Amino acid sequence: MIIVMKPKSTETEVRKVKAIVESKGLEINLSKGATNYILGVIGDTSIIDPKKLLAFSGVDKVVKVQEPFKKANRLFKPENTVVKVQNSIIGGKNLGIIAGPCSVESEEQIVEIAKKVKNAGANFLRGGAFKPRTSPYSFQGLELDGLELLKTAKQETGLPIVTELMSTDYIDKFVEDVDVIQIGARNMQNFDLLKQIGRTNTPILLKRGLSATIEEWLMSAEYIMSEGNENVILCERGIRTFETYTRNTLDLQAVPAIKKLSHLPIIIDPSHAGGYAYLVEPMAKASVIAGADGLMIEVHNDPENALSDGQQSIRPEEFKTLMDKVKIVAEMEGKEV
Ligand code: PEP
Ligand code: MN
């Protein structure tokens, strides 16, 4: 349920409404829109009679919300959420560009790629230290050593780090060392992990599960937000369909759909969506046209010898070309890179 206050309602009127709702054991999510206050009511709202609320001065409308997600719902917070890490921004007018290898492999590799993607216009560095691999026999990542190498690359370039957390065991370490914690597709419904990162203040990049519906994905964001961390960035990375020609099927419709349903920023990862390097640039441009708030792109200086996802990684020179084109598209869409 949301309670929309009249444009000229006073803070005292808002406080009165808030108090009556809270006295029934429900929680209020208060936000101030461009012209008025909006009170999102969280909990079992069946115990409230909307007509009684309309009797309060200052109340304009009382609307029942159908969707099960509340804090992530645009009705509760009409303005876009913007996630800012130092000078790198995702959301609103800002297109955030996250680039780097699938896995951190060595200091030379991560530092060289970090410098090159930064020069091309990336504003975040990605790189997996803990890798969720389908096979236990595949490279699992350099783990904590990989995290140290990411920190070195950050020192060299100033780029904030985005990297995947798979286990609750390392939360404290990630909070200390990582700028944006990635939750991978396979862990999108690891509810214990979601709750625990929800108790931190570190921005979270929440990738869409392999077969997750948009509602399931937003409910996972809700798990994080309900614990207090509202800095969530959604990332569409392709979903499973009957089509096997490409690695996954990029659901570009998720961009306008999420924009309609939620205030959270949404970025696209065309690398994992298509699974092939040649698909990355066209889908990156299409993503920006569709209204995405950013991109996550796998870039490798030696794709042929990459320890993971070489086939979908583009070279630094190709990333530069992609960025030059993305900047033109972004300008058409009124976005800043
Ligand atoms: C990744 O970004 O490195 C990754 C493993 O992606 P996903 O969780 O989308 O498969
Ligand atoms: Mn990868």
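Since every read-out is calculated from the coordinates, none of them should be taken as a lab result. Bear in mind that the values here come from a model prediction, so they are computed numbers and not experimental data. Cβ coordinates were reconstructed from backbone atoms using ideal geometry, including for glycine residues, and neighbour counts include every protein chain displayed.
A few notes on this one:
- Residues Glu22, Glu156, Glu105 in ascending order of nearby Cβ atoms (within 10 Å, fewest first): Glu22, Glu156, Glu105.
- Rounded, prolate or oblate (a/c below 1.5 giving rounded, otherwise prolate when a/b exceeds b/c) for segment 2-63 by Cα gyration tensor: prolate
- Ranked list, fewest to most other Cβ atoms within 10 Å of each Cβ, for Thr244, Thr249, Thr163: Thr244, Thr249, Thr163
- Options Cys102, Met219, Ser308, ranked by Cα towards positive dipole end of the chain, top entry (Cβ charges): Met219
- Beta bridges by DSSP in segment 91-204, antiparallel share as percent, to the nearest 5: 10
- Each of Thr241, Thr45 has some number of other Cβ atoms within 10 Å of its Cβ, and from fewest to most they run Thr241, Thr45.
- For segment 42-98: rounded, prolate or oblate by the Cα gyration tensor [a/c cutoff 1.5]: prolate
- Whether segment 59-201 is rounded, prolate or oblate, judged on the alpha carbon gyration tensor where a/c under 1.5 counts as rounded: oblate
- On Cα atoms only, tilt of 11-22 relative to the major axis of the chain in degrees: 80
- Each other residue within a Cβ distance under 11 Å of Gly43 adds +1 if Lys or Arg and -1 if Asp or Glu, for a net charge of -1.
- Plainly put, segment 83-332 has a radius of gyration that is 0.92 times its Kirkwood radius, both from alpha-carbon atoms, as the Rg/Rh ratio.
- Paramagnetic reach from Ser46 (point 7 Å along Cα→Cβ, amide N under 18 Å) across segment 13-31: 24-27
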